[in-house]
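Note sheet for the following structure.
What follows is calculated from the coordinates using simple rules that are stated; it is not laboratory data. Everything quoted here is computed from the prediction, not taken from an experiment. In this analysis, Cβ positions are derived from the backbone assuming ideal geometry, glycine residues included, and neighbour counts consider all displayed protein chains.
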Amino acid sequence: MDIATLVGIFAAGALILLSILIGEGASFFFNLPSFMIVFGGAFGATLVNFPLADVLEVVNVAKNAFLHKTQSHVDTIELLVRIAEKARREGILAIEREVEGLDDKFMRIGVQYAVDGTEPETIRAILESELSGMEDRHRLGKKVFEALGTYAPAFGMIGTLIGLIKMLAALEDPSQIGAGMAVALVTTLYGALAANLIFLPIAGKLEERSHEEAKRKELVIEGILSIQSGDNPRIVREKLLTFLPPKDRLEEDEDAGGLD
């Protein structure tokens, strides 16, 4: 569970709601037709822009923004180094018993290919193809949420224009102009909030998650190929540490040095 995403959305939403409720005329901010125009219009336009299957697939991708389980690069490196040590001592076939215990499906597939004696070029091609497919799925999810973030303010303006037209049609009653203008502008508010509090932040979070996961998978690919080639576990570690930022790399070097 990604607490930051939930806290960010609910904290910002709660503060905005509180600012509305402590003022006068709070009832003007809650308008069902405005809500329908913004969200119905944004989702409808998105369905026009993308195939239905792609939009439905985004539901699974979007879960990464809320239910993402962070996998430490350091833990991944330590696991690969342990496998390398076993392969170095007992031979590549000895790590076959490690395969079933791997929770990471991507790593499990790669290690199994290495045990089976698959050519390194073939292993790299297969795993990089898998990585590319994951990036395409995540990129699609980001594009869909960016589209929602683009359409929501646009339909907010459309709703405002509808409200203004209705208001101008009733100019014979000046007492209704203020209330009509308030309701008309609520639709713009809904569109701006939907885009900047929900859709665009989720698109940004999905991009960050995709980058993080792609980097981890690249690390796994290099680790598996290094293990298959029979590299010394210390060399395997040094290769994989290059994927870490300098701060984490220094800490990992200190931990590894303490184990010697």
* Counting other C-beta atoms within 10 Å, which of K63, K143 has the fewest, and how do the rest follow? -> K63, K143
* Structure fact -> Note: A170 to S129 extended length (0.36 nm per residue) minus current alpha-carbon separation gives 8.6 nm
* Asked: Which FRET efficiency value, to the nearest 0.05, do you get for S72 and L47 by plugging their Cβ-Cβ distance into 1/(1 + (r/R0)^6) with R0 = 35 Å?
  -> 0.35
* So how far apart, in nm, are the two label points at E57 and I162 if each is 7 Å from Cα heading toward Cβ? -> 3.2
* Structure fact -> From fewest to most C-beta neighbours within 10 Å, the residues D104, D75 line up as D75, D104
* What's the FRET efficiency of S27 with R108 using the Cβ-Cβ distance as r and R₀ = 51 Å, to the nearest 0.05? -> 0.35
* Take the alpha-carbon centre of segment 182-235, take the same for segment 83-100, and report the distance between them in whole Å. => 32
